[in-house]
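Contents: one structure, followed by commentary.
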Amino acid sequence: MKHLIVVRGGGELASGIVHMLYRAGFRVLILEQAQPSATRRRVTFSDAMYRGEATVERVTCHRAETLKEARRHLKEGKLVMLDDPDAKCVRALRPQVLVDAIAAHQNKGTKRDMAEHTIGLGPGFCAGRDVDVVVETMRGHNLGRLIYEGFSAREQDIENSTVGYARNVEQLLFAPEGGRLEMLHSISLMVKRGESIAHLHTAEGKTLELKATIDGVLRGALHTDTTVVKGQKVVDIHPTMGQEECFTISDKARCIAGSVLEAIMAWENKRPRRRFFHRD
């Protein structure tokens, strides 16, 4: 399909990218899994897999049941999501650009030949080998920097098994065991340290109480009745964020989105025949 950008992943960072690309006038298709595990659900398009559609800052994404339906929606100018975590539809669609925004700290099967121009977020990709461009996702001076050769700054952390460590780890709640999650509070509500915010029902019939580790606003949580595995992130609490910020795209996501847009336009401007925009 002409003038198409495929984005793998519909989580927080991916949604920031999709939002900017769609608003900039690009035709965008999101590929997700059947049951996404994003916690910041008020700012992620992945929630469309559960509800049929999801709106983030006035942009609505529609879930398509089939590739044929996805094609029709795209031609109508809609933002579309499809259940295709392995990106099998890419061969048929032949997109001009593919962005791997799964942010799994490892490559989930993205290759340079999947599109004319390929972009990967953060650790797990080698620019020039796996994708054409890697976008730095680690906060700091180089956040959003475009890398055309080699790895992002955090690639070395993978070998040292430190990927995922963060100073704000106390803001997150992880499942102590596998089971079914039952949320007791909604996203954007204030919680107090020690307050019960969720129950975890295990296969053995136990009910575990998950308590807030800090005072703050509940900015992210999995859906009630989600089946989780031991160690999976289920809740995100922020100590200083305002309640209204639970419904807006983060500064980090916007920064990375801008870098992806830059990478696409830099590639576009070097092409002898422009793929998206034409100048008189």
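Calculate the spin-label point distance for GLU182 paired with ARG51, positioning each point 7 Å from the Cα along the beta-carbon direction, and give it in nanometres.
2.3 nm
Taking all pairs of different Cα atoms in the stretch 1-125, averaging 1/r and flipping that mean, what Kirkwood radius in angstroms comes out?
Result for the stretch 1-125 stands at 14.0 Å.
To make sure I understand, if each residue's beta carbon is the centre and we count other beta carbons within 10 Å, what order do ASP100, ASP251 fall in, fewest to most?
In order of increasing Cβ crowding within 10 Å: ASP251, ASP100.
Take the chain, connect every pair of alpha-carbon atoms lying under 10 Å apart with a spring to form a Gaussian network, then pick out the residue of THR227, THR118, THR44 with the largest mean-square fluctuation.
THR227
Quick query: amide H of ARG145 versus all other amide H atoms, modeled in the peptide plane; which residues come in under 5 Å with a sequence gap of 5 or more or a different chain?
The list, which skips near neighbours in sequence, is GLU136.
Sequence-distant or interchain residues sharing an amide H contact under 5 Å with GLY128, placed H: which?
Hits under the 5 Å cutoff: VAL133.
How large is ³J(HN,Hα) for each residue in the stretch 79-87, as worked out from phi by the Karplus curve 6.51 cos²θ - 1.76 cosθ + 1.60 (θ = phi - 60°), to whole Hz, x for Gly and Pro?
Result, ordered by residue: 7, 10, 10, 9, 6, 7, x, 8, 6 Hz.
When the chain is treated as a GNM, springs tying every alpha-carbon pair under 10 Å, which of GLY128, GLY25, GLY120 comes out with the largest mean-square fluctuation?
So, out of GLY128, GLY25, GLY120, the one fluctuating most is GLY25.
Quick one: what do you get for the chain if you divide its Cα Rg by 2.2 N^0.38 Å?
1.03
Read the figures in this text as sums done on the coordinates, not as results from a lab. The shown structure was predicted, so the numbers you read here are calculated from the model rather than taken from an experiment. Virtual Cβ from ideal backbone geometry, glycine too; neighbours counted across all protein chains shown.
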